[in-house]
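Read the structure below first, then the notes.
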Amino acid sequence: MPIPPSRSELIGHLVRTRIAGPVATPRENNLEHYRRLAQGDRHHWLGVELGDRWRDEQDVLAVMAERCGVSDDLEHRAGQDTIDPELTVAALERAAVLLREAAAGRRRVLLATGHPGGLLGLHATTAVALRAAGCELVAVPPGVVADEGQVHQVADVAVYERGATLWHTHSPNPMAAVLDALVATGRPLPDLVVADHGWAGLAAQRGIPAVGYADSNDPALFLAEAEGTLRVAVPLDDHVEPSHYVPMTAYLLAAAGLPRQERTAAPVG
């Protein structure tokens with residue numbers, strides 16, 4: 001890992017690489033996802049049981065403006081949207097507290113990603129640091145299947161594989177299958193989940209403390225954080241060049257007081 005950047009250096013890096021600031025996800029896509037969530041489309045709930053609490057898309061937009069930094073202008077219907085880099089860094093600092101507590105207690109941690117093309121390296125580097133700090137990285141039981149595919153681990157990170165390919169998935173079913181398999185085999189559940197998409201949402205819904213990385217078009221995790229179901233939602237563009245996440249990861253691990261380690265696997269995608 002490189003030397004961690006300062007807070008101001010990281011904010012500059014996030015904006016330059018479009019992890020935050022003006023991001024690639026267009027305003028139209030954000031609003032469409034907010035509307036579909038409000039209409040009850042469970043694909044956009046990411047494993048979180050939202051019930052009837054978020055049926056007004058303007059309420060969803062208000063939370064996204066507060067916790068992610070998208071524009072709160074109801075007349076802004078198309079074009080560029082934003083993620084506030086200050087909110088990204090603040091969320092990383094909150095996530096670091098949970099990582100520090102997990103390391104201090106040598107707790108069981110499960111890392112997972114539905115975005116292997118962008119975030120596998122971030123999670124894999126975090127896994128190496130947590131293991132070096134004495135945490136137990138939860139092993140996925142063999143033979144776990146979901147959504148006509150299988151759950152495997154790459155560099156201690158759970159991923160969804162189908163047809164010999166790692167897939168981008170929002171589905172909560174892979175995480176549900178992993179947790180059910182742990183229970184069925186008499187193994188303890190994780191004390192902490194660090195993930196994204198439905199992996200994070202489902203774990204949080206089942207009462208497991210969870211950190212979820214989330215893009216501006218994935219409102220469910222921010223709503224779950226607002227309701228106290230998810231511990232931390234970290235706003236970012238979740239599919240930029242994988243190497244761009246390296247300074248951010250270094251900042252996270254330094255804030256958590258975890259040892260700097262080299263990654264054990266290069267990101268895919």
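Among the residues of segment 72-84, those identified as more than 18 Å from Glu225 (Cα to Cα) and either outside any loop (DSSP other than H, G, I, E, B) or acidic (Asp, Glu) (or both) are Asp72, Asp73, Glu75, Asp81, Thr82. Among the residues making up segment 1-55, those that are on the phi > 0 side of the Ramachandran plot and free of Cβ contacts under 8 Å to residues at least 24 places away in the same chain are Gly40, Gly51. Restricted to segment 149-260, the set of helices (runs of 4 or more DSSP H) holding at least 2 residues that are surrounded by fewer than 24 Cβ atoms within 10 Å (Cβ to Cβ) and modelled with pLDDT of 95 or more comprises 173-184, 219-227, 246-255.
Just checking, how many residues over segment 153-162 are of a type outside the set (S, T, N, Q) and farther than 16 Å from Ala176 by Cβ?
Summing the residues that are of a type outside the set (S, T, N, Q) and farther than 16 Å from Ala176 by Cβ in segment 153-162 gives 6.
For segment 44-56, the criterion of being surrounded by 14 or more Cβ atoms within 10 Å (Cβ to Cβ) and more than 14 Å from Ala224 (Cα to Cα) is met by none of the residues.
Hey, can you tell me all the residues within segment 22-35 that are in contact with a Gly (Cβ under 9 Å, 6 or more places away or on another chain) and of a type outside the set (D, E, K, R)? Even if it seems obvious, please write down each step before you answer.
Going through segment 22-35, the residues in contact with a Gly (Cβ under 9 Å, 6 or more places away or on another chain) turn out to be 26-28.
Correct list: Pro26 only.
Would you confirm whether any residue within segment 99-113 is among the acidic types (Asp, Glu) and in a loop (DSSP other than H, G, I, E, B)? Before you say what the answer is, go through the steps one by one.
Going residue by residue through segment 99-113, those that are among the acidic types (Asp, Glu) are 101.
With in a loop (DSSP other than H, G, I, E, B) added as a condition, the list becomes none.
No, every residue in segment 99-113 fails to be among the acidic types (Asp, Glu) and in a loop (DSSP other than H, G, I, E, B).
For Ala139, state whether it is among the hydrophobic types (A, V, I, L, M, F, W, C) and assigned to a helix (DSSP H, G or I). No, not satisfied. Is one or more of the residues making up segment 23-31 of a type in the set (Lys, Arg), crowded, with 19+ Cβ neighbours inside 10 Å and farther than 24 Å from Tyr251 by Cα? Checked segment 23-31: at least one residue is of a type in the set (Lys, Arg), crowded, with 19+ Cβ neighbours inside 10 Å and farther than 24 Å from Tyr251 by Cα. Candidates Arg162, Arg231, Arg187: the one that is under 14 Å from the mean Cα position of the chain (by Cα) and of a type in the set (Lys, Arg) is Arg231.
The values are calculated or read from the model by the stated rules, or taken from the named source; none is laboratory data. None of the values given here were measured: they were computed from a predicted structure. So basically every Cβ, Gly included, is an ideal-geometry build from the backbone, and we count neighbours across all protein chains shown.
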